[in-house]
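Rule-based calculations on the coordinates, nothing more; no lab input. Note that the structure is predicted; figures quoted are calculated from it, not measured. When we count neighbours, we look across all protein chains shown, and the Cβ atoms used for this are built from the backbone with ideal geometry, even at glycine.
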Amino acid sequence: MKIYTRTGDGGETGLPGGRRVAKDAAVPECCGTIDELNATLGLVRAAAPPQDVDALLTRVQHHLLDLGAEVARLGEPAPSGPAIGESHVRWLEEAIDRYEAELVPLSHFILPGGAPAAAALHFSRTVCRRAERRLVALTHETPSLSPRPVVYLNRLSDLLFVLARTANARAGRPDVIWQKDGSSPLPSG
């Protein structure tokens, strides 16, 4: 099978079921941002995060492919049912609780950065938030979409924040507290 089909040369792309839409329409924009998020998680994994974090992110990458397919179907059910369900959200919440238990509680905003894996996780978090915004916009246009993918992305961004802090803590790099006037940063904890 060839990688190029020439079917998109006119600025359209195909959706499941054969429907064609402009490449800059809401569905391809949302799916593309979810794909971008998945690619950023690949960069996180290349930055050698802790092994347990890497395993968790591998599973998230699989979820994101399922989520993108669900979005591309525009709420049409797959033969196997919804791709992202309550159990996926619960799994993210359990992971957030587990990793957050390792951390010193925050009382201030922190700057993104730190160890390479932590900085990459912060970047992924921002892309996740953008994917969530794109998906929310799409749900306004397509009420048949399940709300569960929005909830999943919302929890995922929380998890990525907690994992960034975890990666820094395990690397011995303190979070840097935001200073309103930009004066010398204060480490947290």
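Descriptive notes on the structure:
- Working from label points 7 Å from Cα in the Cα-to-Cβ sense, the residue 2 to residue 141 distance is 3.0 nm.
- Per-residue 3J(HN,Hα) values for the range 98-105, derived from phi via the Karplus relation 6.51 cos²θ - 1.76 cosθ + 1.60 with θ = phi - 60°, read 5, 6, 5, 4, 7, 9, 6, x Hz in sequence order (x marks Gly and Pro).
- Two-site FRET efficiency, residue 178 against residue 25, from Cβ-Cβ distance with R₀ of 41 Å, rounded to 0.05: 0.65
- Computed from backbone phi with θ = phi - 60° and the Karplus coefficients 6.51, -1.76 and 1.60, the 3J(HN,Hα) list for the range 58-63 is 4, 5, 4, 4, 5, 4 Hz; x is used for glycine and proline.
- Peptides 137-143, 160-166, 67-73 ordered by average Cβ neighbours within 10 Å, highest first: 160-166, 67-73, 137-143
- Residues whose amide H lies under 5 Å from that of residue 110, counting only those 5 or more places away or on a different chain, are 178; hydrogens are built 1.01 Å from N in the peptide plane.
- Longest to shortest principal axis, alpha-carbon extents of the range 20-176, angstrom: 50, 30, 29
- For residue 97, net neighbour charge (Lys/Arg +1, Asp/Glu -1) across residues whose Cβ lies under 13 Å away: -2
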